[in-house]
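The values are calculated or read from the model by the stated rules, or taken from the named source; none is laboratory data. The structure presented is a predicted model; accordingly, all values stated were derived computationally and were not measured. Counting neighbours? That spans all protein chains shown, and the Cβs are built from the backbone with ideal geometry, glycine included. Accessible surface is based on the protein model in full, side chains and every heavy atom, while ligands, DNA and RNA are left aside. Shrake-Rupley method; radii C 1.70, N 1.55, O 1.52, S 1.80 Å.
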Amino acid sequence: MIDVRHRPPIGVLPATHAAALPAAGTLGGHTAGQLLRLCEVAGLGGADAAGYARVLTTALGPVALRPLAQPAPSRSFLSDDHTPVEFSLSFEQGQAPSLRVLLEPGGGVGGLARSGRSGLRAVRALARRWNFPTDRLDDLEDLFFPLSPQGPLALWCALELRPGGVPRVKVYLNPAASGTERVGTTVREALRRLGHPQAFAALPESDRILFLALDLGDWDVPRVKVYTAHDNLSAAAAGGLSRKEDGPPPTEIEAFFRTAAGRQENGQDTVLDRRPGLACHAFTESATGLPTGFTFHVPVRDYVRHDGEALERASALLRHYGADPARLLDSVAAVTSRRPEDGTGLIAYLALAHQAGRPPRVTVYISSEAYRVRPPAVLSPRAEAVH
Ligand code: TRP
């Protein structure tokens with residue numbers, strides 16, 4: 001069984017930080033507490049951690065004060081139980097993991113149009129605070145923030161929480177905003193405006209385009225990323241999704257797929273037939289028209305009985321890529337006091353990222369579970385008979 005270490009009880013904030021944050025038992029208090037404890041695991045200092053926790057609750061807006069006893073503020077697509085916050089840890093060989101938090105500004109309340117406006121306001125507030133330009137986002141406003149937007153989200157924002165108190169910022173936009181039938185046109189036009197006129201043609205065939213994401217702020221090489229969804233994906237098909245020059249080789253993606261998705265009871269390879277596999281294609285230059293980054297995401301939560309199994313798979317992947325799984329187990333203990341075996345979905349995705357000029361990274365997405373824990377999957381009759 002996966003052994004997660006002891007941490008201070010969930011809901012208890014270090015006394016020095018508690019004063020400025022929403023009370024325990026509220027959405028903001030709960031997620032800020034998780035963030036503070038995760039920062040400690042990731043080796044961030046107390047002052048940075050406190051600053052980041054305040055940024056999180058500020059960006060959530062009034063819903064941060066909402067008691068957890070009330071339902072989630074919106075039907076947010078950000079996580080399965082509609083918590084508008086999700087954490088992730090990205091592991092690179094021999095390095096401390098980097099901690100990120102994904103959030104829906106304003107908690108997604110009031111519908112897509114209003115949520116889009118609070119999203120833009122929140123990103124612009126971050127930009128003023130850390131003095132970075134938002135011109136790349138401003139140039140896309142008409143495409144992604146029409147008067148009557150459609151689709152599953154308006155704007156999400158992710159912060160990479162670096163030491164020093166200044167995060168790297170990523171913004172996720174909804175390609176269906178101007179209409180599901182216009183997704184292709186919208187993404188092609190956005191890529192053209194961002195200086196990547198050939199990028200759209202370089203994308204692999206897919207079932208849907210889920211997000212267009214922009215790096216804003218202090219990045220060495222800011223990326224524009226396009227996320228594609230692939231239904232009924234097999235390991236072999238996943239191996240063929242990258243359009244990046246110079247690898248990763250298909251065999252590496254296939255091996256990652258097999259470890260992350262596991263095997264079926266009959267010993268055959270899993271096919272991602274419950275929730276699609278996602279690929280992310282990152283564009284940084286326009287000389288070749290090809291992406292310089294490729295990330296493959298397995299929605300592991302739909303292919304395990306419980307999070308103990310998801311953590312075993314994550315640990316195997318981390319060891320394979322030269323990272324220490326101990327930090328992941330500490331991170332899990334920082335987010336929840338439940339046993340991994342008692343639910344599914346705490347580990348939402350496992351991803352493998354290849355970006356030109358950098359070593360490969362394994363990213364583990366950790367749910368906040370502020371509202372609900374999905375019970376472990378029921379064993380099939382055949383498997384039950386064996387036990
Ligand atoms: N909840 C959505 C999904 O499962 C969106 C999402 C949240 C997501 N975090 C993610 C997608 C991380 C990819 C990677 O698809």
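Of the residues making up the stretch 248-276, those that are within 16 Å of the ligand (Cβ to nearest atom), within 20 Å of the chain's Cα centre (by Cα) and open to solvent by 40 Å² or more (accessible area, probe 1.4 Å) are 274, 275.
For the stretch 172-182, give me each residue that is more than 14 Å from the ligand (Cβ to nearest atom) and surrounded by 20 or more Cβ atoms within 10 Å (Cβ to Cβ). Correct list: 177, 178. Between 303, 365, the distinction of being open to solvent by 10 Å² or more (accessible area, probe 1.4 Å), under 21 Å from residue 238 (Cβ atoms) and within 15 Å of the chain's Cα centre (by Cα) belongs to 365 only. Among the residues of the stretch 138-153, those that are surrounded by 14 or more Cβ atoms within 10 Å (Cβ to Cβ) and within 10 Å of residue 190 (Cα to Cα) comprise 140, 143, 144.
Only a single criterion out of (1) at pLDDT below 95; (2) among the hydrophobic types (A, V, I, L, M, F, W, C); (3) within 24 Å of residue 160 (Cβ to Cβ) is not satisfied by residue 385, namely (3).
For the stretch 88-121, which positions are away from the ligand (no atom under 15 Å from the Cβ), among the aliphatic types (A, V, I, L, M) and buried (at least 16 other Cβ atoms within 10 Å of the Cβ)? Residues satisfying the conditions are 96, 109, 112, 120.
Scanning the stretch 330-381 for residues that are over 22 Å from residue 29 (Cα atoms), touching a Leu at 6+ places or on another chain (Cβ under 7 Å) and away from the ligand (no atom under 15 Å from the Cβ) returns 340, 360.
Sort out which residues of the stretch 215-242 are more than 16 Å from the ligand (Cβ to nearest atom) and in contact with a Leu (Cβ under 6 Å, 6 or more places away or on another chain), and write them in order of number. The answer is 224, and nothing else. A single member of 220, 215 is closer than 15 Å to residue 355 by Cα, in contact (Cβ under 8 Å) with a residue 40 or more places away in the chain and not aromatic (Phe, Trp, Tyr), and it is 215. Is it true that residue 155 is within 16 Å of the ligand (Cβ to nearest atom) and modelled with pLDDT of 95 or more? Yes; evaluated as a whole, the condition is true for this residue. Within the stretch 297-314, can one find any residue that is away from the ligand (no atom under 16 Å from the Cβ), of a type in the set (Val, Ile, Thr) and more than 16 Å from residue 252 (Cα to Cα)? Among the residues of the stretch 297-314, not one is away from the ligand (no atom under 16 Å from the Cβ), of a type in the set (Val, Ile, Thr) and more than 16 Å from residue 252 (Cα to Cα), which makes the answer no.
Provide a single number: the residues in the stretch 67-87 that are open to solvent by 60 Å² or more (accessible area, probe 1.4 Å) and either more than 20 Å from residue 152 (Cα to Cα) or of a type in the set (Phe, Trp, Tyr) (or both).
Filtering the stretch 67-87 for residues open to solvent by 60 Å² or more (accessible area, probe 1.4 Å) gives 69-71, 75, 77, 80.
Subsequent filtering for residues that are either more than 20 Å from residue 152 (Cα to Cα) or of a type in the set (Phe, Trp, Tyr) (or both) retains 69-70, 77.
Looking only at that region, the number is 3.
The set of residues in the stretch 306-331 being closer than 22 Å to residue 242 by Cβ and surrounded by 18 or more Cβ atoms within 10 Å (Cβ to Cβ) consists of 313, 314, 317, 318, 323. When the stretch 22-44 is limited to residues that are of a type in the set (Gly, Ala, Ser) and assigned to a loop (DSSP other than H, G, I, E, B), the one that is surrounded by the most Cβ atoms within 10 Å (Cβ to Cβ) turns out to be 42.
For residue 346, the stated conditions hold: it is more than 24 Å from residue 247 (Cα to Cα), in contact with a helix residue (DSSP H, G or I) (Cβ under 6 Å, 6 or more places away or on another chain) and either surrounded by fewer than 20 Cβ atoms within 10 Å (Cβ to Cβ) or of a type in the set (A, V, I, L, M, F, W, C) (or both).
How about the stretch 95-135: which of its residues are acidic (Asp, Glu) and either out of contact with any helix residue (DSSP H, G or I) (no Cβ under 9 Å at 6 or more places or on another chain) or in contact (Cβ under 8 Å) with a residue 60 or more places away in the chain (or both)?
Residues of the stretch 95-135 that are acidic (Asp, Glu), as a first pass: 104, 135.
Selection gives 135 alone.
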